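Student: Following this message is one structure expressed as structure tokens.
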Amino acid sequence: MQGISKMFGSALDGAAASSGGVRAGDKVGILFLNLGGPEKLDEVEDFLFNLFNDEDIIRLPNPLKPLQGFIARGIASRRAPGSREAYESIGGGSPIVKLTQEQGDNLEAELKKRGIDSKVYIGMRYWYPFTEEATDKILEDGINRLVVIPLYPQYSISTSGSSIRLLNQIFQEDLQAWDPRKIDHTVVPDWYNHPGYLATQAKLINEQLEEFKNNPQDVKVMFSAHGVPESYVAAGDPYKGQIESCADLIMKEVNKGRAADKQVDWTLCFQSRVGPVKWLEPYTDTVLEELGAAGLKNLVCVPLSFVSEHVETLEEIDIEYREVAEEAGISNFKRCPALNSDPLFIDCLADMTTDALQKPSLRVSETLDLYQKSDELPGYPWEFGVTKAAEQTNGRLAMLGLASLAVAQVLKAGCPRIDGPAIAGKEPFCAAFSADGWNWLFAALDLP
């Protein structure tokens, strides 16, 4: 009987659930997973370190993986001044935590109206409150039904995947505490085609299109999604396909009920590329220049893969891309707001939660099996040597050279002082070596 319960526990649990998916004695928690962001300028560099120290973001060849932290610190040090300027231009920090907390408060209130007492926890991947803090609190509060909702509508290895892989590591470190018989958890891995999400996006777009209701041929909708390296997609990342399908579904909703000659035209592009590798195309800045050259004057930009305002919407789109658009001749550049706590979106989150509570559970490990079929994740397309043996030899030589440089830097300049909060609770060896000593490496890799 115990074996049958192990095999079919999720389905049996679902069958035993009462109306709304909540049973007597359930303590319901919802875990929001998101990127996070620095709330103060002096937090920017450490935030960037955490970002680039994630192997789902910066993929190094196997021989160089032990140096991930050193390289991440160098990249963070180089990028920090420009990033600080970006955050300073939007008020001195990211609003993502505040906006996510508001989403959580509103979701709790909506579920309360539906007869479900719940508590929302926020687990950010790269800054406070970290995922580890959220999971500690979930255990402390005695939650026994947990719905995990990544606040990324479309699944990618580098966003939802990274957060879910971390969550799986946390679960594996304490299997007893996270035993599904104690905490019945389920994941909503993607929701790019959820009717409530599509309806919310369509409503926000139509609000921006109101001034063109009599002449929709004079305006174009441009979806700008966060890009990922093409190597991710080649390795099976579903992100590109989900983004394309999502944009198409949203525009079907936008154009629903419009006459054939009143349909609104649209396009899709990708923003936020970094580093030397090829990212998904077309790029947002290139599309803006092409649209301007074609004579377009009116444009509605929709940040497709973002559910909260943050630096990619408030600075990259509102400031950088607006400037590109105006220089290209697009005189009326409008930007659709992110979903934030729009009542329709809160209803969508509540629907997703209740649906998840009623369906058989999808575990974290099962999610990774479904979306990331291999533990061997794609790396940057760097190749060393012409044979496997040559690659191993070159890799070992590279490690020896980098390690020698690192030791030389410490002997020469000592360990730099660590200011500010600890980095995800862990201090890298000497925090980092002198950034100057790594300049040759980042220049060679063309990392900005």
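Read-outs throughout are calculated quantities, based only on the coordinates presented, and are distinct from any laboratory measurement. All values derive from a computational prediction rather than experimental measurement. All Cβ positions, even for glycine, are placed from backbone atoms using ideal geometry, and neighbour counts span all protein chains on display.
Student: How do Met222, Met251, Met352 line up, fewest other C-beta atoms within 10 Å first?
Tutor: In increasing order of surrounding Cβ atoms, one gets Met352, Met251, Met222.
Student: Sort the following peptides by mean Cβ neighbour count (other Cβ atoms within 10 Å, averaged over residues), highest first: 211-220, 49-58, 330-339.
Tutor: My ranking of the peptides, most packed first, is 49-58, 330-339, 211-220.
Student: Lys113 to Asp141: FRET efficiency via 1/(1 + (r/R0)^6), r the Cβ-Cβ distance, R0 30 Å, to the nearest 0.05?
Tutor: Working from the Cβ atoms, E equals 0.85.
Student: Considering the range 195-338, what Rg and Dmax in Å follow from its alpha-carbon atoms?
Tutor: Reported Rg and Dmax, both Å: 14.9, 45.
Student: By count of other Cβ within 10 Å, fewest leading, how are Val300, Val233, Val274, Val44 ordered?
Tutor: The order, fewest Cβ neighbours first, is Val274, Val233, Val300, Val44.
Student: Just add up the charged neighbours of Asn255: K/R +1, D/E -1, any other residue whose Cβ is under 14 Å from the Cβ of Asn255. Intermediate values should be presented prior to the final figure.
Tutor: Numbers: positive: Lys203, Lys213, Lys220, Lys252, Lys256, Arg258, Lys262; negative: Asp248, Glu253, Asp261, Asp265.
Around Asn255, the charge tally is +3.
Student: Follow-up question, since we're still on this one. Rounded to the nearest 0.05, what FRET efficiency do Thr286 and Arg258 give with R0 = 25 Å and r taken as the Cβ-Cβ distance? Could you check?
Tutor: The value I calculate is 0.30.
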